[in-house]
Structures are given as C-alpha cells and as structure tokens.
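The block underneath contains the structure these notes are about, expressed in structure tokens.
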Amino acid sequence: MTFETIRKSSAPDMVAEQIIERIAGGELAPGTQLPAQRDLAQMLGVGRSSVREAINALVVMGYLEPLQGKGTFIKDVLPTSDPGIEKLAAAFSAGSIFDLMEARELLECRTATLAAERADGAQIRNLKAAMKKVKGTESEYAIFLDADIRFHAAVADAAGNVVLCELTKLVLEKVLAHHNALKTVLLPPAYRDVSIRTAARVVEAIEAGDGDAAARWMAQHLDAIRDELKNIIS
C-alpha cells in the first residue's frame, strides 16, 4: 500500500501556483502585464509580502520579467517543462537572494559614489589589491565570490561612512550565507569577464574621483551578478 505525500502549501506557494495555472491556461498570455502587487493581493486575499515572494520565485523560474518603471510582465518565451514542487521550493529560496541584490544596489552604488569623493591613497591601494585578487581567480564560483565580496568590502571601507560600511558588510555576510549552496558551480567565462571588467571600471572611477561613473559602473557590475544568479539557479 502506498500513499501520496500530503503537502501543506503556504500563501506564496498558492499565489505562484495560481499564476502558473493561468499562464498555462492562456488567461495570462506572453507579454501580458501582471496586475500590480497591491491589486493581486486583494484579488487573492493574501498579504502583499506573499505576492512579492511569489513574483520573485516566478522571475527566477523564467515565467515573469520585471521592467523597471513599467511593472511585471509574462515572459515572451516560457519554460517548457512542468515546474514541479522541488523547483518551485528552490525558486522561493532563491527569491530572497534577489531581495539582497536590491539592498546591495541601494547601498553599494552610494558607497561607490562616496568612495570616489573620499578615498585616500591607502584605500585606493587596498581597492587595487582586492581587484588583483578578483582577476587572479579561475572558474570555481566559491573562490570568485569570496574575492568579489572582499572587493565590495574594500569599496565600502573607502566610502568613509562607518554606518554605511557596517550595513554593507552585514548584507555581504548574508549574500555569502545564501550562496553556500553554489560552492561547486563553475563560473561561465563570459560572466567572469563582464564582472571583472565592470569592477575594474569602478576602481578606475573611484581613483579618478568621478562619483557618478563609480555608481554607474557599480550598478552594471551588480546587474551582471543578478543575471548570472538567474542562470545558475534556473
């Protein structure tokens, strides 16, 4: 005699499953804009945090695409296989990584600007040394990540703001904790090249005292990290 495992769904699970069902049934066609999170929460009778978690997970899985300033849309090219319970659970776990990335953008673009305005000679040398270690890594994700985190910590140190520095390092610690599961992943050469190039531009802008360029290159560097995380997780 065999029994099927009983699964107790959380509110975010059920929101994600309903959206997937409506996409599969054609009610939400590719390119369609999803209702605002506030409206979805009201329609489904759940909290906005549940809707946000579900949307984050479906972005990771390749069903949804957020467009800044416009909203969230059903992707033109959708996954072809059944997502399954395990993949959905993994996507929910991964979704919190992207919340961390959002926090990193807010903090690190600002610290890059301040570093360009305030960094002294010793801090510039420290940044260059951290950058050299990043360039010296090879294809193992864990080693690259460790060097990259040290680079970001060096930028925070150069910003000359104790509170911002501590906040940034706290977020970076959480990033490391979330990335432990990716220790054995091999780093695609194309991603490694983009990440190193954009990080090097951050250092150049800081050394030149160009705060706007430092923030802009930091944003591009973090964008590259986010894009590669999506590829690794999905």
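The values are calculated or read from the model by the stated rules, or taken from the named source; none is laboratory data. These numbers were taken from a predicted model, which means no experiment stands behind them. Heads up, the Cβs are rebuilt from the backbone with ideal geometry, glycines too, and the neighbour counts pull from every protein chain shown. These accessible areas exclude ligands, DNA and RNA; they are computed on the full protein's heavy atoms, side chains included. Shrake-Rupley method; radii C 1.70, N 1.55, O 1.52, S 1.80 Å.
Which of the residues spanning segment 155-170 are outside any helix (DSSP H, G or I) and among the hydrophobic types (A, V, I, L, M, F, W, C)? Spell out the reasoning first.
Taking segment 155-170 first, the residues outside any helix (DSSP H, G or I) are 159-161.
Across segment 155-170, the qualifying residue is only Ala159.
Checking each residue in segment 23-41 for being crowded, with 17+ Cβ neighbours inside 10 Å and more than 17 Å from Pro12 (Cα to Cα) picks out only Leu28.
Quick one: would you say Leu44 is open to solvent by 30 Å² or more (accessible area, probe 1.4 Å), touching a residue at least 24 places away in the same chain (Cβ under 8 Å) and in contact with a helix residue (DSSP H, G or I) (Cβ under 9 Å, 6 or more places away or on another chain)? Taking the combined requirement at face value, the residue satisfies it. Picking from residues in segment 29-39 that are hydrophobic (A, V, I, L, M, F, W, C) and touching a residue at least 40 places away in the same chain (Cβ under 8 Å), the one that is farthest from Gln18 (Cα to Cα) is Ala29.
Residues that are under 14 Å from Gln18 (Cβ atoms) and assigned to a loop (DSSP other than H, G, I, E, B) within segment 40-54 comprise Gly45, Val46, listed in sequence order. When Ala159, Ala153 are screened for being at pLDDT 95 or above and touching a Cys at 6+ places or on another chain (Cβ under 8 Å), only Ala159 passes.
Selection within segment 55-81: residues that are in a loop (DSSP other than H, G, I, E, B) and of a type in the set (Gly, Ala, Ser). The member of this set that is nearest to the chain's Cα centre (by Cα) is Gly62.
For segment 210-224, the condition of being in contact with a Phe, Trp or Tyr (Cβ under 9 Å, 6 or more places away or on another chain) and either at pLDDT 95 or above or open to solvent by 10 Å² or more (accessible area, probe 1.4 Å) (or both) holds for at least one residue. From the residues in segment 114-146 that are of a type in the set (S, T, N, Q) and within 25 Å of Val163 (Cβ to Cβ), which one is least open to solvent (accessible area, probe 1.4 Å)? Taking the candidates together, the pick is Gln123.
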